[in-house]
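Reviewing the structure listed below.
No lab work stands behind these numbers, since they all come straight from the coordinates. Predicted model only: the values in this text are computed from it and were never measured. Ideal geometry is used to build each Cβ from the backbone, glycine not excepted, and the neighbour counts take in all protein chains shown.
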Amino acid sequence: MNSAPESTPPRTPVSVIGLGNLGRALAAALVERGHPTTVWNRTAGRADDLVARGARRADTVGEALEAGELVIVCLLDQDAARAVLAQGAGALAGRAVVNITSGTPEPVRELADWAAGHGADYLAGAVYAVPQTIGTPEAFVLYSGSRAVFEAHRDTLDAVLGGGTFTGADPALASVHDMAVLSGMYGMFAGFFHGVALAGTEGISAADITRHMTRWLTEAAAALPGFAAEIDAGDYTTETSTLDINAWGLGAILTASRARGIGDALLAPLQELFRREVDAGHGAASLARTVESLPSHGRAPAWGHPRPKAGGR
């Protein structure tokens with residue numbers, strides 16, 4: 001006698017609040033994976049195609065909250081998220097809420113406290129993906145807040161958003177990570193824009209200089225883990241990539257840039273940090289020591305050695 005086929009375990013009911021580009025892609029991925037999916041958006045018509053594919057449209061925020069064992073919030077900012085969740089605050093108790101709305105640390109923490117005060121088990125997330133990469137190996141998410149929510153719903157979240165990493169119990173930690181990671185991205189963009197402008201003064205196309213820049217930046221990125229180890233240890237001893245060398249090199253770039261009329265607005269602040277360390281007698285130290293000129297306001301740095309006082313050492 002043939003045995004009956006094994007039944008597929010029921011999928012977690014999930015509600016998605018906010019149907020911008022990311023929210024729509026997320027909801028579509030949930031539907032495709034068989035999750036009972038409820039969606040809400042201020043403009044109800046944005047849910048039409050999702051409903052046609054099997055999602056359920058909630059008429060109110062409270063209805064969406066009640067429908068989902070897991071509730072994923074994806075809105076413009078923390079103020080918008082709080083205003084929307086407040087419409088269904090009475091339904092928050094006992095809900096696992098994952099808020100992947102972008103935000104700076106303080107508002108993220110405030111919203112987490114507010115949601116917890118209404119009985120929600122709350123997890124904040126910073127998503128590194130575009131809608132096209134949702135649920136693929138290219139996407140990843142950093143979470144903070146409720147470890148219980150992270151562990152209970154990790155498989156669902158990883159499948160539709162990308163691999164997740166829990167960064168700590170403070171809900172603001174994911175946001176701090178996010179701001180730090182994006183700082184690196186924008187710093188790279190600043191150098192890219194400056195480099196393209198500089199090359200353009202001699203008729204070199206953006207495409208041509210980018211081809212060389214990409215190759216070099218890929219190699220340069222390999223130095224970052226080493227710099228991180230130096231920063232965490234507070235030991236900047238090196239025989240390569242000293243501050244003296246880099247201060248001279250960046251100075252030459254700025255001189256050439258000014259001579260060609262493109263200015264120094266994007267890179268001069270970095271040169272000021274280099275000069276500050278060199279003038280303090282650290283020219284032979286690793287380039288990574290530049291970070292020591294940044295801490296201020298008396299807070300201890302995360303890397304474990306004393307923060308220099310403002311105005312010198």
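Fewest Cβ neighbours within 10 Å first, please rank 219, 66 accordingly.
By the 10 Å Cβ count, ascending, the order reads 219, 66.
Between beta-carbons, use under 14 Å as the cut-off and find the net charge around residue 147, counting Lys and Arg +1, Asp and Glu -1.
After counting each charged neighbour, the total is -2.
How much net charge surrounds residue 47 when only the other residues with a Cβ under 11 Å from the Cβ of residue 47 are counted, with Lys and Arg +1 and Asp and Glu -1?
Net charge around residue 47: +3.
In what sequence, highest mean first, do 276-283, 73-80 appear when ranked by Cβ atoms within 10 angstrom?
Highest to lowest by the protection proxy: 73-80, 276-283.
With a cut-off of 14 Å, note down the residues of segment 116-141 whose backbone N falls inside the zone around a label point 7 Å from the Cα of residue 159 toward its beta carbon.
Of the residues in segment 116-141, 135-136 have backbone N under 14 Å from the label point off residue 159.
Please go through segment 86-152 and write out the GluC sites (Glu not before Pro) that DSSP classes as loop and that have at most 16 other C-beta atoms within 10 Å.
138
Take the Cα of residue 180, step 7 Å along the line toward its Cβ, and report every residue of segment 252-295 whose backbone nitrogen sits under 17 Å from that point.
Zone members listed by number: 288-295.
Local charge sum around residue 160 (other residues, Cβ-Cβ under 13 Å, Lys/Arg +1, Asp/Glu -1)?
Details: positive: 11, 24, 33, 154; negative: 32, 155, 158.
Its environment carries a net charge of +1.
Nearest 20 debye, what's the magnitude of the dipole of segment 177-293 about its Cα centre given +1 on Lys and Arg Cβ and -1 on Asp and Glu Cβ?
Charge dipole, segment 177-293, about its Cα centre: 460 debye, nearest 20.
Roughly how big is the chain's charge dipole about its Cα centre, with Cβ charges of +1 (Lys, Arg) and -1 (Asp, Glu), in debye to the nearest 20?
For the chain, the charge dipole is close to 380 debye.
Hydropathy first: keep DSSP H helices in the chain averaging at least 0.0 on Kyte-Doolittle, then drop any whose Cα extent along the axis falls short of 27 Å, and list what survives. Let's see the in-between values first.
Values: long enough: 173-200 (41 Å, 1.15).
Those that clear 27 Å and a mean of 0.0 are 173-200.
How much length is gained on full extension from residue 229 to residue 275, taking 0.36 nm per residue of separation minus their Cα-Cα distance?
Once the chain is fully extended between residue 229 and residue 275, it gains 14.3 nm.
Give, rounded to the nearest 20 debye, the magnitude of the charge dipole that segment 1-107 has about its Cα centre when Lys and Arg contribute +1 at Cβ and Asp and Glu contribute -1 at Cβ.
The dipole magnitude comes to about 160 debye.
Once you sort the root eigenvalues of the Cα gyration tensor of segment 1-137 as a ≥ b ≥ c, which label holds: rounded (a/c under 1.5), prolate (a/b larger than b/c) or oblate (the other case)?
Details: a/c = 1.71, a/b = 1.55, b/c = 1.10.
In terms of gyration-tensor shape, prolate.
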